[in-house]
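Read the figures in this text as sums done on the coordinates, not as results from a lab. These numbers were taken from a predicted model, which means no experiment stands behind them. Cβ atoms come from the backbone with ideal geometry, glycine included; neighbour counts cover every protein chain shown.
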Amino acid sequence: TGTGSQKDRVVTEEEWLRKWEVGNIGFHKEEGHPLLRKYLDVLLNGRSGLRIFFPLCGKAVEMKWLADMGHSVVGVEVSEQALKEFFAEHSLPYCEEPVPEISGAKKLRSTSGNISLYCCSIYDLSSSIVGKFDGVWDRGALVAVNPCDRQRYVSLMITLMEKNSSYLLVTVSYDSNKHKGPPFYVPESEIKSLFG
Ligand code: SAH
């Protein structure tokens with residue numbers, strides 16, 4: 001499977017939910033990402049009390065890490081199971097709230113109030129619902145977006161960014177003829193054209 005054939009490949013929402021159900025979540029890491037540690041200063045840029053967005057968040061432990069530093073974290077994820085596991089694994093009490101603007105969606109919010117996780121598709125969000133962010137941690141997100149949706153994803157992300165926000169993006173450089181994932185190959189040239 002080269003980059004050519006990857007372009008038309010699609011991972012459906014149902015397939016993602018199924019991955020969570022059967023525990024096929026090799027992408028989840030128990031340890032905080034070393035690149036977030038390394039580039040934390042770039043993300044924060046000396047600022048405190050930021051709003052940080054985690055697109056396609058899964059149960060990323062970095063959400064807890066940034067919240068503990070005093071930032072407020074917003075994530076979005078289609079799998080409710082993932083979000084519940086996040087709160088359970090960190091022993092964080094939370095409550096469930098409806099999201100009137102999005103049918104079928106709900107928000108799981110830590111009782112302490114600084115972690116709000118939307119259970120819906122990212123494409124249902126807009127800045128009028130979630131506001132704008134000072135920072136974005138995109139790990140396993142752009143690379144998990146179906147290639148046909150990349151432009152839409154990036155355009156949306158740009159509308160969710162405050163003027164002086166920082167966007168940390170993790171991608172993986174590999175020979176897409178030899179490796180199938182994770183789950184899609186996004187060459188650097190495409191990142192440049194997508195984000196401009
Ligand atoms: N960023 C996380 C998870 C990466 S895997 C981490 O670093 O561990 C990608 C995640 O995106 C999966 O949990 C999947 O369920 C979720 N997902 C896929 N499509 C989505 C969409 N359209 N909207 C929201 N979440 C989505």
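Going by how many other Cβ atoms sit within 10 Å of their own, how do Asp175, Asp124 line up, fewest first?
Lowest count first: Asp175, Asp124.
Can you sort Cys120, Cys95 by how many other beta carbons sit within 10 Å, fewest first?
Cys95, Cys120
Please tell me the relative contact order of segment 37-196 in percent, rounded to the nearest whole number, where contacts are Cα pairs under 8 Å and at least six residues apart.
Computed value for segment 37-196: 22 percent relative contact order.
With everything on Cα atoms, drop me the angle between helix 150-159 and the longest principal axis of the chain, reported from 0 to 90° to the nearest 10.
Its long axis makes an angle of about 30 degrees.
Run the simple label-point estimate for Ser121 and Ser103 please: 7 Å along Cα→C-beta, distance reported in nm.
If labels sit at Ser121 and Ser103, their model points lie 1.4 nm apart.
Could you give the length gained by full extension between Lys132 and Lys163, i.e. 0.36 nm per residue of separation minus their alpha carbon distance, to one decimal place?
Here the segment from Lys132 to Lys163 would lengthen by 10.2 nm.
In debye to the nearest 20, how big a dipole does the chain give about its Cα centre with +1 on each Lys and Arg Cβ and -1 on each Asp and Glu Cβ?
Roughly 380 debye, rounded to the nearest 20.
Name the residue from Met69, Leu194, Ile25 whose Cα lies farthest towards the positive end of the charge dipole of the chain, charges +1 on Cβ of Lys and Arg and -1 on Cβ of Asp and Glu.
Leu194
What's the angle, to the nearest 10 degrees (0 to 90), between helix 80-89's Cα axis and the longest principal axis of the chain?
That works out to roughly 60 degrees.
Determine the gain in length on full extension of the stretch Glu14-Phe195; use 0.36 nm per residue of separation and subtract their C-alpha separation, reporting nm with one decimal.
Result: 62.3 nm gained on full extension.
With a bin width of 10 angstrom, please list the P(r) values of the chain as percents of all Cα-Cα pairs, from the 0 bin to the one holding the largest distance.
8, 36, 40, 15, 1
Just want to confirm a number: the relative contact order over segment 131-172, from Cα pairs under 8 angstrom separated by 6+ residues, in percent.
68
Among the listed pairs Lys106/Lys178; Lys107/Lys178; Lys7/Lys84; Lys59/Lys192; Lys64/Lys163; Lys19/Lys64, which have their C-alpha atoms separated by more than 30 angstrom in this model?
Lys106/Lys178; Lys107/Lys178; Lys7/Lys84
If you take the beta carbon distance between Lys180 and Asp41 as r and set R0 to 30 Å, what does 1/(1 + (r/R0)^6) give as a FRET efficiency, to the nearest 0.05?
0.30
Compute the angle between helix 13-22 and the longest alpha-carbon principal axis of the chain, please, reported from 0 to 90 degrees and rounded to the nearest 10.
70
Picking from Val136, Tyr118, Leu168, whose Cα lies most toward the positive end of the charge dipole for segment 99-193 (charges on Cβ: Lys, Arg +1; Asp, Glu -1)?
Tyr118
Measuring from centroid to centroid over Cα atoms, what is the spacing of segment 95-140 and segment 163-186 in Å?
What the calculation gives is 23 Å, centre to centre.
So, with +1 on the Cβ of K and R and -1 on the Cβ of D and E, and no other charges, what is the size of the charge dipole of segment 107-149 about its Cα centre, to the nearest 20 debye?
Using only the charged Cβ atoms, the result is roughly 180 debye.
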